[in-house]
Amino acid sequence: MNTRQIWQRFDFLLFAVVLLLCVFGVALISSAIAGNPTLVDHPQRQAIFMGIGLAVLFIVASFDYHVWTTLYKPFYFFVAILLLLVFIIGGARFGAARWLETGLVTIQPAELAKIAIILSLASYFSANIDRINNWLTISRSLGITLGIVTWILLQPNLSTSIVIFVMWAAMLWISGLKTKYILIMVAGAALFLLISFALDFPYLADYQKARITTFLQPDENARHGDTYNVEQALISIGAGGWFGNGYGQGSQVQLRFLKIRHNDFIFSVLANEFGFVGTVLVIAALVFVIVRCFKVAQNAPDAYGALIAYGFGVLMGFQTIVNVGVNLRLLPVTGLTLPFISYGGSSLVSMLLGIGLVENVHMRSQPKQGKGNREQEAGIG
């Protein structure tokens, strides 16, 4: 296909839904921080990062995604170096050092690490697709993952580490891992958790243990900390009713009962101001993007492209489930953002970079014809 034909394959519907989510996210952040002078510049900053992310999306979509088979290693080591710098000089917030202060912007390298892992594992698994059911192949893929995750765990940042491990397991399974290997790995993970529980999770920081304790044994009378904010999140969601209190009119939000409302608990702001109907529409839009990623993966011309699209779809799906689960008090507080909606420049740019990769795969896939299973042709499954 020539350049014009390639750009004719650009998924404009996917792009339109993502753009709508981003714009809505900026508007919702603006409402969430209204009246707070210390956060007054956050909507503008998010809008700037949205512009940067959109530029990155089109740049990434412009070059054949196969170029990443050579670029993923430099990108991987670049992210690893950033994570090392965070460990050495990173700024600490909420009990963890996760940010690099550059003077102009604050960068969270762990967000870029998610994309680096997707590209690295997609390249490795596609090159070893016929040797997936081999402990050496599995071990090497785990080594690639640990090369990034180790530095993230040291921040400490358990939630992002879990996200990356979930992506590793999902991409390994999608590549054709047999059931017996899956059962052995599940048993190993269960044993690890059992031992960790018996030893009081020695690898967790005190604030991480406190979050788990708060989730299992919440203090209904708490007036500060995670318990208070989770309770206020539930009240905010319930107070929204069917149609919400209106944009900028949510009492829980505007009177600041709900804390940390522009990032981790943005879903509660959404429910408070737009109600059940509004949350369903936003979740439906996110589900559409996730399903679209999986559709692109099914029609990808090769295993490499399929794994890139599958990996990003898994990333988006898992983060959405966890963020909503935290707001509904179904999961402990984690710090994971709601894709495209929560405040966070690094998160937004990384998500748009991922969409650029998915668009890239779609643009270089031939339209599906006949009854042939493109997924099998790509070597996945």
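Worth a mention:
- Being out of contact with any helix residue (DSSP H, G or I) (no Cβ under 7 Å at 6 or more places or on another chain), assigned to a helix (DSSP H, G or I), at pLDDT below 90 and on the phi < 0 side of the Ramachandran plot is a condition met by no residue of the stretch 161-178.
- Condition met for S120 (at pLDDT below 95 and either surrounded by fewer than 17 Cβ atoms within 10 Å (Cβ to Cβ) or within 21 Å of I81 (Cα to Cα) (or both)): no
- When V86 is tested against (1) under 17 Å from I308 (Cα atoms); (2) surrounded by 17 or more Cβ atoms within 10 Å (Cβ to Cβ), just one condition goes unmet, and that condition is (1).
- Scanning the stretch 179-205 for residues that are outside any helix (DSSP H, G or I) and touching a helix residue (DSSP H, G or I) at 6+ places or on another chain (Cβ under 9 Å) returns D200, F201, P202, Y203, L204, A205.
- Test: residue in the stretch 185-204 that is under 30 Å from G345 (Cβ atoms) and either among the charged types (D, E, K, R) or touching a Leu at 6+ places or on another chain (Cβ under 8 Å) (or both): yes
- Pair list, Cβ < 6 Å and 6+ apart or interchain, from the stretch 142-157 residues that are closer than 22 Å to T337 by Cα to residues that are of a type in the set (K, R) and not in a loop (DSSP other than H, G, I, E, B): Q155/R98; N157/R98
- Tally of residues being touching a residue at least 40 places away in the same chain (Cβ under 8 Å) and either in a helix (DSSP H, G or I) or surrounded by 20 or more Cβ atoms within 10 Å (Cβ to Cβ) (or both) across the stretch 317-331: 7
- Selection of the stretch 257-267 for residues being closer than 11 Å to S342 by Cα, crowded, with 20+ Cβ neighbours inside 10 Å and not aromatic (F, W, Y) yields R261, H262, D264, I266.
- Total residues in the stretch 236-285, condition modelled with pLDDT of 90 or more and closer than 14 Å to N36 by Cβ: 1
- Summed over the stretch 7-26, residues that are closer than 26 Å to Y247 by Cβ, crowded, with 17+ Cβ neighbours inside 10 Å and more than 20 Å from the chain's Cα centre (by Cα) total 0.
- Residue within the stretch 91-109 that is in contact with a Ser or Thr (Cβ under 6 Å, 6 or more places away or on another chain), at pLDDT below 90, polar (S, T, N, Q) and surrounded by 15 or more Cβ atoms within 10 Å (Cβ to Cβ) present: yes
- When the residues of the stretch 278-313 are filtered to those that are surrounded by fewer than 22 Cβ atoms within 10 Å (Cβ to Cβ) and among the β-branched types (V, I, T), the one that is farthest from F24 (Cα to Cα) is V291.
- Among the candidates I29, I81, I59, I48, residue that is buried (at least 20 other Cβ atoms within 10 Å of the Cβ), aliphatic (A, V, I, L, M) and part of a helix (DSSP H, G or I): I29
The values are calculated or read from the model by the stated rules, or taken from the named source; none is laboratory data. Every value quoted in this text rests on a predicted model; they were computed, and no experiment measured them. Cβ: placed from backbone, ideal geometry, glycine included. Neighbour counts: every protein chain shown.
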